[in-house]
1. What distance in nm lies between label points placed 7 Å from Cα along the C-beta direction at residue 204 and residue 132?
2. Which cross-chain or sequence-distant (5 or more) residues have an amide H under 5 Å from the amide H of residue 225, H modelled 1.01 Å from N in plane?
3. Classify the stretch 44-192 as rounded, prolate or oblate, taking a ≥ b ≥ c as the square roots of the eigenvalues of its Cα gyration tensor: rounded when a/c is under 1.5, otherwise prolate if a/b is larger than b/c and oblate if not.
4. Using 7 Å Cα-to-Cβ label points, what is the residue 220/residue 187 separation (nm, one decimal)?
5. If each residue's Cβ is checked for other Cβ atoms within 10 Å, how do 54, 213 rank with the fewest at the top?
6. Hey, fewest Cβ within 10 Å first, where do 209, 138, 163 land in order?
7. Going by how many other Cβ atoms sit within 10 Å of their own, how do 99, 251, 62 line up, fewest first?
Amino acid sequence: MSWAGFKKNLNRATTSVLHKTGNMDRTTDREFEEEERRAKQLASKAEKLHKEASGYAKAMREMTAAQVRIANTLENFYDEGEPMGLSGQKYRDAVTKMEQQIQEEVRSPPYRAAVLDPIGRYNAYFPEINEAIRRRNKKLLDYDNARSKVRKLVERPSEDSTKLPRAEHEANLARDMYETMNAQLTTELPKVIDARVGYLDPSFEAVVKSQLSYAQDAHNALEGLRQYFPPEPQEYELEQKSEGILQQMRELTICGLA
């Protein structure tokens, strides 16, 4: 960094401290500050949305993989000749097909193209916006510092008659640079905020359709397994069956008599 650059950064740091301590007037623009606040909130939400959309795909893969592991484990409890043996096989086949479907859907280019990529492209705007805001804030510090110098020279005139005109010229230049960047950002920030509709609405629709498709297919696959399971007993039958199992457990002599 050059000496001039170092000096400018030092002046900005000093001006920032004077702002915070109330020892220097700070230029404010309520309209810009409101748009900046909205942009920061939106950036945070969009980043979270991208993270959650990626997490959803991962969670769906893990859930269907867990279903397959459950099915494989349950199948080991039954012999093929037993009534529930066929049920276990059919359940395993159904959840295996469901896993293959979801693996293809959330890993496939369509899911990335319809959900993750648009949100990612929208998020990519914000680093540039933040950098532009930082540059704008630096110009504000330069302007306030230049205004402060002019005010001090007016209050305490220098013996050098050229100092005040020179300071006023620098203040005018600093003001023009600040106001140009401030006006540009105040105009552009609402456009970026409004652009969320074109990026996020289609992604939202794609996520809902993906969930609906999986839910419908999962319901159809599991509903088709009813025929392989015995009819559901009535409540009194369940009570009788449970009591019989408990009585058998009471009669067990796992530990020998002392």
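Laboratory data are not the source of any read-out in this text; all were calculated from the coordinates shown. Treat the numbers as computed from the prediction; the structure is a model and nothing was measured. Cβ sites come from the backbone with ideal geometry, for glycine too, and all protein chains shown count toward neighbours.
1. Here the answer is 2.4 nm between the modelled labels.
2. For residue 225, no residues qualify.
3. Verdict is prolate for the stretch 44-192.
4. 5.4 nm
5. Ordered from fewest to most neighbouring Cβ atoms within 10 Å, 54, 213 come out as 213, 54.
6. 209, 163, 138
7. Least crowded to most crowded, the residues run 251, 62, 99.
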